[in-house]
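Data first, discussion second: the structure below is written as structure tokens.
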Amino acid sequence: MDFQKPRYIPMSRRRRIYEGKAKVLYEGPEPGTLIQHFKDDATAFNAKKHEVIEGKGVLNNRISEYVFQHLNDIGVPTHFIRRLNMREQLIREVEIIPLEVVVRNVAAGSLATRLGIDEGTQLPRSIIEFYYKNDKLNDPMVSEEHITAFGWASPQEIDDIMALAIRVNDFLSGLFLGVGIRLVDFKMETGRLWENDVMRIVVADEISPDSCRLWDIKTNDKMDKDRFRRDMGGLVEAYTEVAKRLGIVAEGERPQGMGPVLVKG
Ligand code: UDP
């Protein structure tokens, strides 16, 4: 398929396939493709806390593009095709597996609370956890037993998902370490991609400071969504700093990309 020159579809005429808390999915220009649009909405605690943070969507689009493009380049299969504009990317349509896959390197968040471990404690090894994607149930943690018994994924698929999670963790840990950031933990999602009757599991959704815990190595400053969850402020500044360190936005550039401001007469 030729993805180089997609047919332009005006935003107003696009079919909306799904709207989530931070993103919208639209029908793509070719069969089997979708457009993933990043909104500025920030939610936490199962959407009980909600705010619009101007510029967040643009930053997450750019940071997630960077991560997914590099994963593609090193042979980790993802749904990502290419970024289209400041807020949108072209992706392959996949059947999302209803699991949030969390990989942890350092104790934080719900693990620290649940097991009574101080935040910041290095874990003896990386730990993979699964949560069942279900807002009504608050995304409960589940084991491989639940996943196979209820048919959310097969044992082989779980093996594939765990292998992907380890590769993504290795890549992301090195990437962030190289720019002075500690990857504490992150969440990823996966989907089934069919190509000529052959199915494979690919990394889907987004990987951004919304779905990772990123701490500055020197100061331990939080550069992720905990700034919003814990009312610390400075979220856009922190995400911009992540983008700058990765070399995605240049010094002085306004990644928020608000563009020209209309003067109202
Ligand atoms: N996470 C996420 N979406 C969720 C839940 C968690 O992206 O719905 C990410 C979160 O940003 C962190 C990791 O998964 O990087 C582990 O989150 P944790 O289980 O500690 O939950 P939290 O403390 O965020 O409630």
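The values are calculated or read from the model by the stated rules, or taken from the named source; none is laboratory data. Worth saying up front: this structure is predicted, and the values here are computed from it rather than measured. Please note: Cβ atoms are built from the backbone with ideal geometry, for glycine as well, and neighbour counts cover all protein chains shown. When the accessible area is computed, the model is the full protein with side chains, heavy atoms only, and any ligands, DNA or RNA have been set aside. Shrake-Rupley method; radii C 1.70, N 1.55, O 1.52, S 1.80 Å.
Quick check on Leu111: is it within 13 Å of the ligand (Cβ to nearest atom) and open to solvent by 60 Å² or more (accessible area, probe 1.4 Å)? Steps first, answer last, please.
Details: within 13 Å of the ligand (Cβ to nearest atom): yes; open to solvent by 60 Å² or more (accessible area, probe 1.4 Å): no.
Here the answer is no, as Leu111 does not meet what is asked.
I'd like the residue in region 97-108 that is in a loop (DSSP other than H, G, I, E, B) and open to solvent by less than 10 Å² (accessible area, probe 1.4 Å) and, out of all such residues, is nearest to the ligand (Cβ to nearest atom). Write out each step before concluding.
To start, the set of residues in region 97-108 that are in a loop (DSSP other than H, G, I, E, B) comprises 97-98, 107-108.
Now drop any that are not open to solvent by less than 10 Å² (accessible area, probe 1.4 Å), which leaves 97, 107-108.
On the way: Ile97: 15, Ala107: 9, Ala108: 6 Å.
Checking each candidate, the answer is Ala108.
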Those residues of region 114-134 which are more than 12 Å from the ligand (Cβ to nearest atom), exposed (fewer than 14 other Cβ atoms within 10 Å of the Cβ) and of a type outside the set (S, T, N, Q) amount to Gly116, Asp118, Gly120, Pro124, Arg125
With (1) free of Cβ contacts under 8 Å to residues at least 60 places away in the same chain; (2) within 16 Å of the ligand (Cβ to nearest atom) as the list, and Gly75 as the residue in question, which single condition is left unmet?
-> (2)
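Which of the strands (runs of 3 or more DSSP E) contained wholly in region 171-247 include at least 1 residues that are away from the ligand (no atom under 13 Å from the Cβ), closer than 26 Å to Asn46 by Cβ and in contact with a strand residue (DSSP E or B) (Cβ under 9 Å, 6 or more places away or on another chain)?
Details: elements: 181-195, 198-204, 212-216.
Per the criteria, 181-195, 198-204.
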Do the conditions hold for Val202, that is, is it exposed (fewer than 13 other Cβ atoms within 10 Å of the Cβ) and of a type in the set (A, V, I, L, M, F, W, C)?
-> no
How many residues are part of a helix (DSSP H, G or I) and within 21 Å of His79 (Cβ to Cβ) if we restrict to region 135-170?
-> 16
